[in-house]
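Enquirer: Have a look at the structure that comes next, please.
The values are calculated or read from the model by the stated rules, or taken from the named source; none is laboratory data. Owing to the predicted nature of the structure, the values given are computational and were not obtained by experimental measurement. Cβ sites come from the backbone with ideal geometry, for glycine too, and all protein chains shown count toward neighbours.
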Amino acid sequence: MPEPVLLQTHDLVARYGDFQALFGIDFSVSAGEVVAVIGANGAGKSTLMKAIIGLLPSPAGSVLYHAKPIGDLAAHEITHLGMTLVPEGRQLFPSLSVEENLVIGGQMNRPGPWSVAAVYDLFPVLKQRRHQPSTSLSGGQQQMVAIGRALMSNPDLILFDEVSLGLAPIIINDIYAALPRIIEQGMSAVIVEQDISRALAVSDRAYCLQEGRISLEGPSGCLTRAAVNHAYFGV
Amino acid sequence: MDWLNAIVQGILLGGLYALFAAGLSLIFGVMRLVNVAHGDFIVLAAFLALVVTQSTGLHPFMTFIFVIPLMAGLGYALQRGLLNQTLGHAILPPLLVTFGLSVILQNGLLEIFSADNQKMDAGPIETMSLTVAEGLNIGVMPLAVFVIAIGVITSLQWMFYGTALGRAFRATSDNQQIAQLMGLNNRHIFGLAMALALVVVAIAGIFLGMRTSFDPSVGPGRLIFGFEAVIIGGLGNLWGTLIGGILLGVSQNIGAQINPGWQLLAGHLTFLVVLAVRPRGLFPKVDG
Amino acid sequence: MTEATTYRVIQSTPSSQMAALAALALLVILVAAPWWAGRGDMRLLSEIFLYLSLAVLWNLLAGYAGLVSVGQQAFVGFGGYGLFALAMFLGLHPLLAVPLVGVAAALIAIPIAFLIFRLSGAYFAIGTWVIAEVFRLSFAQVSSLGGGSGTSLPIAIVKSMAGSRALRDSISYWAALAMIVLVLAVVYLWLRSRHGISLTAIRDNELAARSLGIDVWWTKFWVYLVAAALTASVGALLFLQKLRISPDAAFNVNDWTAYVIFIVVIGGIGTMEGPLIGTLVFFLLRGFFADLGTVYLMVLGAVAIVVILKAPRGIWGYIHDRYGLTLFPVSRRVVKFDSSHKNENPS
């Protein structure tokens with residue numbers, strides 16, 4: 001692939017106390033690429049996202065971003081370098097209004113196409129609710145705020161952790177419909193998704209995790225159903 | 001008329017108690033930290049102001065030029081150097097560390113300044129008063145403190161809900177992990193919150209030193225008044241804190257009117273009654 | 001019993017059995033103190049016993065039940081004043097007053113608990129302080145007990161305890177010794193019992209304890225009551241030794257709470273052994289640095305801060321982790337137990 005490598009992990013491990021959740025993950029994202037991460041519950045998908053973004057500590061050299069070691073940086077330092085995470089379960093700030101949630105996402109003042117107006121353009125429904133408390137929105141609308149909040153930092157790479165979790169199928173369609181408009185600005189994305197067919201449909205490449213290890217990797221179009229099932233369930 | 005006088009003076013005294021309480025409320029709101037040494041920091045600020053007036057000849061009012069930056073710097077350094085290490089899920093570390101600080105501050109001040117009573121001389125303003133009605137005089141000094149308290153609370157309210165810093169405070173208080181994803185450094189944010197709290201403490205200390213006499217041992221008492229004002233008003237509600245302070249001041253003055261020995265007792269009893277009847281305070285913050 | 005390997009739950013350890021024997025020997029020696037120790041030594045020992053009692057009780061509250069009180073001086077002072085009042089107004093023998101003030105303190109702790117249990121964490125702590133202030137200000141209003149300046153125990157009452165001064169000294173020493181034995185026994189047996197497991201569970205994780213069906217509120221309530229009763233009895237003995245009481249001395253936050261907190265924190269909070277180690281360290285340091293007064297307090301405060309941050313389980317936690325020693329076996333351990341281990345004593 002001619003595009004330069006944007007993010008690379010090398011033998012990445014993660015633990016929660018005595019429990020080891022990731023075992024030597026080698027993972028990469030090229031510029032402009034959409035990469036899907038699939039796997040069963042507890043396979044370590046969210047842990048991988050947290051380790052990359054710096055919410056879990058790791059050795060400096062085990063995560064490279066723009067070819068710079070960032071493994072030992074804190075999350076707030078990594079976000080300044082142009083990477084962000086849409087966290088699992090949305091996790092808006094309840095004491096901030098909808099618009100404040102967006103504004104605080106952009107408080108690093110990184111230049112780029114995304115602004116409060118651009119987010120309202122992407123998700124018009126949010127504009128009518130801009131002054132409401134973020135907790136008063138429906139689950140789907142909250143997810144839109146969470147995505148908009150992440151976009152506001154104008155990242156080069158955005159990590160989506162289970163954005164469809166707990167949402168109605170029709171809402172999920174709306175949210176995924178926005179994805180091309182996000183990517184077309186040249187942003188790269190990692191999509192953690194339980195729905196295998198959707199994940200493969202929207203991505204260029206996919207990784208499958210099983211019990212903290214990569215069990216399958218390849219271009220999304222070339223992965224067969226049988227191979228995915230085997231990698232997913234280990235059967 | 002004595003009773004009306006007691007109530008009016010109590011309301012004004014409540015302004016001072018609201019100043020004691022505002023800093024306490026601020027740091028609890030941002031980082032769920034209760035600073036047991038809060039009262040001792042107020043006394044420290046009063047002594048700093050005393051030293052400044054004595055060595056520069058400045059009017060006590062003007063000591064804020066030195067005392068506010070000093071206390072703010074101390075707050076930031078203390079939070080980043082010491083208190084950030086105590087934050088987590090366990091309640092003991094922050095409580096015991098600030099308790100240790102309280103003992104160190106009290107005895108340090110005792111060592112330097114002795115147990116003597118001190119008071120700053122604010123000049124003629126101390127005795128000036130406005131006659132509102134026959135037999136009802138309002139001291140200019142207590143009135144000034146009350147107005148300053150309203151000013152401080154208004155500013156804090158505006159800072160919290162109208163500025164980027166306030167937004168960062170609220171976001172960090174809501175969810176520390178996610179706030180980091182916004183590029184916010186929790187440790188720095190908490191440092192700023194403590195710095196701001198000690199700015200309020202500095203103001204409280206300067207006025208404490210002008211309104212009443214003080215000595216190194218009075219810190220815990222100020223902590224308790226501030227704490228009672230916070231709980232009476234309702235946790236997390238700054239204007240409630242002012243009402244709490246006023247209620248406390250009025251109760252104390254009514255108690256003193258009945259029997260001079262009952263002044264403090266009446267304040268504590270009001271607090272206990274509120275706790276019994278409305279455990280979340282009179283004006284609890286509505287979440288969400 | 002079959003020959004197959006089984007598992008047994010045991011509480012004692014070889015070191016704890018040794019400790020139990022040593023404690024028994026120590027107790028015999030201490031009871032005999034009036035025959036081998038001087039008057040000053042006995043006073044010092046009494047003070048150590050009473051401080052150790054306060055430390056063990058505060059540790060029960062804060063270290064096990066999560067009730068971080070900075071207002072236990074309320075009960076110390078209540079006990080002291082209670083003893084003076086019962087002796088002076090009802091003519092009760094002072095030693096008889098000691099258990100009575102304990103009961104009275106437990107009764108008065110009931111409404112207090114209902115009130116301040118509404119506050120949590122640090123706010124609970126400051127709430128207990130308010131209660132102590134209410135006590136101090138209230139007793140300062142009682143003019144028959146000397147009001148704000150306090151009063152002394154009348155000579156007649158002191159003399160009624162025993163004819164000779166030597167016997168009086170011995171009696172008050174034995175009372176202090178009996179007090180620490182009682183406090184240690186109550187706390188130790190409690191922690192070893194089924195209720196003790198609830199307490200330890202609450203200490204380790206209150207939320208998890210709640211989900212296991214442990215009634216956290218009532219468990220804490222009983223701890224608070226028992227601690228109040230015993231603390232008041234200790235307070236009664238403290239002021240029986242001083243023979244003089246005043247509101248500022250009786251409800252002194254430094255003497256009855258700050259020192260006690262530092263003792264427990266430095267020794268090791270949440271352990272039975274911690275208060276013991278802490279009390280010894282406290283009295284050793286006091287012997288060396290007491291002349292320094294305020295500086296001594298500042299040093300204690302600083303040491304406590306460092307311990308909390310760097311070694312949160314104190315001196316005893318450090319020793320325990322390093323050498324696996326246990327003197328008061330309150331925790332249970334599962335050991336392999338088969339026929340070849342029959343000589344191991346699973347008491």
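Enquirer: So which residues in the stretch C:250-293 are farther than 23 Å from B:G108 by Cβ, more than 16 Å from the chain's Cα centre (by Cα) and surrounded by 18 or more Cβ atoms within 10 Å (Cβ to Cβ)?
Expert: Selection gives C:A250, C:F251.
Enquirer: In the list C:L184, C:L177, which residue meets the criterion of being in contact with a Leu (Cβ under 7 Å, 6 or more places away or on another chain) and under 24 Å from C:T257 (Cβ atoms)?
Expert: From the options C:L184, C:L177, the qualifying one is C:L177.
Enquirer: For the stretch B:17-35, how many residues meet the condition of being of a type in the set (A, V, I, L, M, F, W, C) and closer than 24 Å to B:N175 by Cα?
Expert: Summing the residues that are of a type in the set (A, V, I, L, M, F, W, C) and closer than 24 Å to B:N175 by Cα in the stretch B:17-35 gives 9.
Enquirer: Take the stretch A:58-75 and flag every residue that is assigned to a loop (DSSP other than H, G, I, E, B) and away from chain B (no Cβ under 13 Å).
Expert: A:S58, A:P59, A:H66, A:A67, A:I70, A:G71, A:D72
Enquirer: Here is a follow-up. Could you pull out the residue among C:A109, C:A140, C:A125, C:A104 that is at pLDDT below 95 and more than 20 Å from B:F227 (Cα to Cα)?
Expert: Testing whether each residue is at pLDDT below 95 and more than 20 Å from B:F227 (Cα to Cα) leaves just C:A140.
Enquirer: Please give the number of the condition B:I104 fails out of (1) touching a residue at least 24 places away in the same chain (Cβ under 8 Å); (2) farther than 22 Å from B:V230 by Cβ; (3) assigned to a helix (DSSP H, G or I).
Expert: The failed condition is (1).
Enquirer: Any chance you could count how many residues in the stretch B:229-260 are surrounded by 20 or more Cβ atoms within 10 Å (Cβ to Cβ), over 15 Å from B:V273 (Cβ atoms) and free of Cβ contacts under 8 Å to residues at least 24 places away in the same chain?
Expert: Selection size over the stretch B:229-260: 0.
Enquirer: Scan the stretch A:207-226 and give yes if some residue there is surrounded by fewer than 17 Cβ atoms within 10 Å (Cβ to Cβ), over 22 Å from A:T84 (Cα atoms) and of a type in the set (D, E), otherwise no.
Expert: Yes: the stretch A:207-226 contains one or more residues that are surrounded by fewer than 17 Cβ atoms within 10 Å (Cβ to Cβ), over 22 Å from A:T84 (Cα atoms) and of a type in the set (D, E).
Enquirer: Going by the conditions given, is B:P93 without any contact (Cβ under 8 Å) to a residue 60 or more places away in the chain and not small (G, A, S)?
Expert: yes
Enquirer: Kindly provide the set of residues from the stretch B:181-211 that are within 14 Å of chain A (Cβ to nearest Cβ) and either touching a Phe, Trp or Tyr at 6+ places or on another chain (Cβ under 6 Å) or surrounded by 24 or more Cβ atoms within 10 Å (Cβ to Cβ) (or both), ordered by number.
Expert: Result: B:L181, B:M182, B:F190, B:G191.
Enquirer: Taking the stated definitions as given, is B:P216 within 27 Å of C:R118 (Cβ to Cβ), within 13 Å of another protein chain (Cβ to nearest Cβ) and not polar (S, T, N, Q)?
Expert: no
Enquirer: Can you pull out the residues in the stretch B:164-176 that are surrounded by 15 or more Cβ atoms within 10 Å (Cβ to Cβ) and either within 23 Å of the chain's Cα centre (by Cα) or within 7 Å of chain A (Cβ to nearest Cβ) (or both)?
Expert: B:G166, B:R167, B:A168, B:F169, B:R170, B:A171, B:T172, B:S173, B:D174, B:N175
Enquirer: For the stretch A:18-57, which positions are away from chain B (no Cβ under 14 Å) and in a loop (DSSP other than H, G, I, E, B)?
Expert: A:D18, A:A31, A:G32, A:E33, A:A40, A:N41, A:G42, A:A43, A:G44 - these are the residues of the stretch A:18-57 that are away from chain B (no Cβ under 14 Å) and in a loop (DSSP other than H, G, I, E, B).
Enquirer: What is the number of the single condition among (1) under 30 Å from A:N154 (Cβ atoms); (2) crowded, with 24+ Cβ neighbours inside 10 Å; (3) without any contact (Cβ under 8 Å) to a residue 60 or more places away in the chain that B:Y161 does not meet?
Expert: Going through (1) under 30 Å from A:N154 (Cβ atoms); (2) crowded, with 24+ Cβ neighbours inside 10 Å; (3) without any contact (Cβ under 8 Å) to a residue 60 or more places away in the chain one by one, B:Y161 breaks only (2).
Enquirer: Now for a different question. Please count how many residues of the stretch C:169-183 are within 11 Å of the chain's Cα centre (by Cα) and crowded, with 19+ Cβ neighbours inside 10 Å.
Expert: 3
Here is a yes/no grid of residues against (1) among the hydrophobic types (A, V, I, L, M, F, W, C); (2) modelled with pLDDT of 95 or more; (3) surrounded by fewer than 16 Cβ atoms within 10 Å (Cβ to Cβ); (4) more than 17 Å from C:G274 (Cβ to Cβ):
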residue: C:S15; (1), (2), (3), (4): no, no, yes, no
residue: C:L21; (1), (2), (3), (4): yes, no, yes, yes
residue: C:G38; (1), (2), (3), (4): no, no, yes, yes
residue: C:L50; (1), (2), (3), (4): yes, yes, no, yes
residue: C:V56; (1), (2), (3), (4): yes, yes, no, no
residue: C:G63; (1), (2), (3), (4): no, no, no, no
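Enquirer: Being touching a Lys or Arg at 6+ places or on another chain (Cβ under 8 Å) and either away from every other protein chain (no Cβ under 13 Å) or buried (at least 20 other Cβ atoms within 10 Å of the Cβ) (or both) is the filter here; which residues of the stretch A:100-136 pass it?
Expert: Within the stretch A:100-136, A:E100, A:N101, A:L102, A:I104, A:G105, A:Y120, A:L122 qualify.
Enquirer: Next question. Of all residues in the stretch B:138-166, how many are outside any helix (DSSP H, G or I) and touching a helix residue (DSSP H, G or I) at 6+ places or on another chain (Cβ under 8 Å)?
Expert: Matching residues across the stretch B:138-166 total 2.
Enquirer: Right, here's the next one. Select from the stretch B:94-118 the residues that are at pLDDT below 90 and surrounded by fewer than 20 Cβ atoms within 10 Å (Cβ to Cβ) and list them in ascending order.
Expert: none
Enquirer: Suppose the filter is within 14 Å of chain B (Cβ to nearest Cβ) and either outside any helix (DSSP H, G or I) or crowded, with 24+ Cβ neighbours inside 10 Å (or both); does C:G80 pass it?
Expert: No, not satisfied.
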